[in-house]
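First comes the structure, then the notes that go with it.
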């Protein structure tokens, strides 16, 4: 198989990111996700289908099919920034694990060209799928959103058992795993809920870092453009005081913690 001819569906490429893995990174956003998180800031990522979004600037097509070779050719332009900062490519979404063959080929091609790799993932897939990608991933950034399965399903459409089981397996086999928690008011923004996640993270045994990602409403307009309702419009971003209290709770469990990616 020529990995450079493997094709996948993406909806965006973002350059010069500093919040999605070490150093300066280029993020490739893949289409499709099995979760429907109420706070998702990329609702256009959720469907695997190519869509249209009606923006004030006109109708925009969301999604395009590309080859690994096309992506790598574009990413290689950023090599000077990667070398100076220790950055590389990050696959995000949506959920990268829904396009495993494309993701694997893209990671392999990145490695062939001396580019470090990272993934932002919910971990919601069969572990056999994840296992095939792990040798090619330098940093696995994994969301743990809540320890209570019922509440997790209420806010994301899926229960959390598979995610938590995969976290245990990924922790044993990943090159590096960092847990990230989107902090969402009314969902998981209490000290007790964040402490539960931090304790679980500590018990993984190989993970020493947890990132808290404050809720924001930057993607709210996209719901309107897609003809959808944004359910969390009454929520506000957690205060600095609240975030610092949650950070202290994480650190009390023996983990390094930072606010933001």
Residue set 106, 91; condition in contact with a helix residue (DSSP H, G or I) (Cβ under 8 Å, 6 or more places away or on another chain), closer than 14 Å to residue 13 by Cβ and in a strand (DSSP E or B); output residue 91
Quick one: which of 45, 92 is over 16 Å from residue 137 (Cβ atoms) and modelled with pLDDT of 95 or more? 45
Taking residue 2 as the residue in question, decide whether it is farther than 24 Å from residue 212 by Cβ and out of contact with any strand residue (DSSP E or B) (no Cβ under 6 Å at 6 or more places or on another chain). yes
Answer yes or no as to whether residue 207 is crowded, with 18+ Cβ neighbours inside 10 Å and either more than 18 Å from the chain's Cα centre (by Cα) or modelled with pLDDT under 95 (or both). no
From 173, 166, which residue is within 20 Å of residue 127 (Cα to Cα), at pLDDT 95 or above, surrounded by fewer than 20 Cβ atoms within 10 Å (Cβ to Cβ) and in contact with a helix residue (DSSP H, G or I) (Cβ under 9 Å, 6 or more places away or on another chain)? 173
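Quick grid of which residues meet (1) farther than 21 Å from residue 45 by Cα; (2) surrounded by fewer than 24 Cβ atoms within 10 Å (Cβ to Cβ); (3) under 19 Å from the mean Cα position of the chain (by Cα):
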| position | (1), (2), (3) |
| --- | --- |
| 83 | yes, yes, no |
| 91 | no, no, yes |
| 96 | no, no, yes |
| 99 | no, yes, yes |
| 106 | no, no, yes |
| 111 | yes, yes, no |
| 114 | yes, yes, no |
| 119 | no, no, yes |
| 122 | no, no, yes |
Name the residue that is modelled with the lowest pLDDT, counting only residues in the range 13-34 that are surrounded by fewer than 19 Cβ atoms within 10 Å (Cβ to Cβ) and on the phi < 0 side of the Ramachandran plot. 19
Would you confirm whether or not the range 184-203 contains a residue that is within 28 Å of residue 248 (Cβ to Cβ), surrounded by fewer than 20 Cβ atoms within 10 Å (Cβ to Cβ) and within 18 Å of the chain's Cα centre (by Cα)? no
Mind checking which residues of the range 109-145 are farther than 26 Å from residue 200 by Cα, in contact with a strand residue (DSSP E or B) (Cβ under 8 Å, 6 or more places away or on another chain) and either in contact (Cβ under 8 Å) with a residue 40 or more places away in the chain or not in a helix (DSSP H, G or I) (or both)? 115, 116
Tell me, which strands (runs of 3 or more DSSP E) lie completely within the range 41-84 with 3 or more residues that are more than 14 Å from residue 222 (Cα to Cα)? 64-67
Any chance residue 129 is closer than 20 Å to residue 12 by Cα and surrounded by 14 or more Cβ atoms within 10 Å (Cβ to Cβ): no
Every residue in the range 70-81 that is surrounded by 14 or more Cβ atoms within 10 Å (Cβ to Cβ) and closer than 18 Å to residue 18 by Cβ, please. 75, 78, 79, 81
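The values are calculated or read from the model by the stated rules, or taken from the named source; none is laboratory data. Note that the coordinates shown come from a computational prediction; the quantities given were computed from them, not determined experimentally. A quick note on method: Cβ atoms are made from the backbone with ideal geometry, for glycine too, and the neighbour counts reach across all protein chains shown.
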